[in-house]
Amino acid sequence: MKIYMLVGFIFITLMGTAMAETISADSGKDNRQSQPVVSDKCRELTSRLDIDLKEVVQAGCQPSQAQISKLMDNPVGNLVVVANQFNWTQLKGPNFKGSKNAYVYKLTPTFPIPLGESWNLINRPVFSVPSVPVKRKVGKLIGMSAGEIIHQPALFSTVRDPFGRTTGFGDFAYVGLLSPKKPDKVGEGIFIWGIGPALIFPTASEDVLGQGKYQAGPAAVAAYIGKDWVFGLFPQHWWSYAGDSDRASTRASNIQYFIYYNITSTVKIGMSPNVTIDWNAAGEDMVTLPVGLGINWMAKLGKLPVRMGIEGYYSAIHPENSMGSRLGLRFTFTPVIPTFLF
């Protein structure tokens, strides 16, 4: 019930924001003479997607909210973004009735480090706080042999009812993407790309909240950002190379695909789900592929631009013989700090 109330609240907020934007636009038409005149040079600079906002400011122009909104679509853009993501996932499986709920909060500050005149290193550390519907004691049984498990005092109570609620810190992840500072122009839009390492560290506060392994692999991103459409891929892959010897080795992929359509200069609809592949699982349990739809919009807290969004997902492909996701809901709150402010 709380989920539906949250959805209703967000959409009411969105409608209010959209109405305010429309009213503001209409009143702006009647008051153009009272607004400062924008020079042709500033109009050209604030319409470009292939520009560092520092150039806009140095030219004596003010970046528009619409321009910042478009540049936020660039996952390797020259912006400092502090993404806050709240996820709800409905879990189902063959060994229990009904469904269970999992929650994850993720904090992903994304910031560029210039490497010479032509390249940026885009840093994406990911801090997570998961809450899973499994008792903490279940984690103590992971990796034990059959003989060791039998002698555990918590065995029988855990087997009778393994479900509960465990919340804490998850594994820490990092992605570093090397990307050209200047994107390639394609028609009315731009094409961007980046490549680099993806790392996972076993920092989970409880065994059931992490994988217990040091993991590493490649990551890449490629996207087209146009006037009306944004679409692209952000694949990552990891292999375990060290960690708890009692935990199973890992070999997994995460492929985020994103498709968005701009309704206005600051409001867009679309989706950006994560396809997960566990290469060590059996065939029917290997892939989870969600599809969905959502809406994102820009607002301002004082002078700070903020993007908010809500997206819902259904796992069209999901594990058949183990616990896996069926439905999901994601709420995002993302302040953005243009690097020219530093």
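What is the local net charge at T250, summed over the other residues whose Cβ is closer than 9 Å to its Cβ (Lys, Arg +1; Asp, Glu -1)?
Working: positive: K213, R247, R251; negative: D278.
Net of charged neighbours comes to +2.
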Point to revise | Local electrostatic count, G270, Cβ distance below 12 Å [Lys/Arg +1, Asp/Glu -1] | key: -2
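Would you mind ranking W297, W239 by Cβ crowding within 10 Å, fewest neighbours first?
Working: W297 21, W239 14.
So the ranking, lowest neighbour count to highest, is W239, W297.
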Point to revise | Potential extension, L178-K100 segment - 0.36 nm per residue separation minus Cα distance | key: 24.2 nm
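How would you order 219-231, 241-253 from highest to lowest mean count of nearby Cβ atoms within 10 Å? Walk me through the intermediate numbers first.
Working: 219-231: 17.9, 241-253: 14.8.
In descending order of packing, they fall as 219-231, 241-253.
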Check your understanding: Beyond 16 Å, what share of the Cα-Cα pairs of segment 194-281 remains, rounded to the nearest whole percent?
Key -> 63
Exercise for review: Could you work out, for segment 38-341, what percent of all Cα-Cα pairs fall into each 20 Å distance bin, beginning at 0 Å and stopping at the bin that holds the largest distance?
Suggested key: 29, 53, 16, 2
Revision key, fill the gap. Here the gain from full extension of S47 to Q256, 0.36 nm per residue of separation minus their alpha-carbon distance, amounts to 72.4 nm
Point to revise | Cβ-Cβ FRET estimate between L304 and F191, R0 fixed at 25 Å, reported to 0.05 | key: 0.30
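How do R326, R124 line up, fewest other C-beta atoms within 10 Å first? Each step should come with its number before you reach the end.
Details: R326 16, R124 22.
Arranged by neighbour count, lowest to highest, R326, R124 become R326, R124.
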Point to revise | Additional length obtainable on full extension of the chain from D244 to A282, 0.36 nm per residue less Cα span | key: 11.4 nm
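Strictly over 28 Å apart at the Cα level, which of K106/K268; K41/K181; K182/K268; K92/K268; K97/K135 would you flag in this model?
On the way: K106/K268 22 Å; K41/K181 22 Å; K182/K268 24 Å; K92/K268 31 Å; K97/K135 17 Å.
Beyond 28 Å: K92/K268.
The numbers here are math on the coordinates, done by the rules we state, and not lab data. The model shown is predicted, which means the values in this text are computed figures rather than measured ones. Positions of Cβ are backbone-derived with ideal geometry, glycine not excepted, and every protein chain shown enters the neighbour counts.
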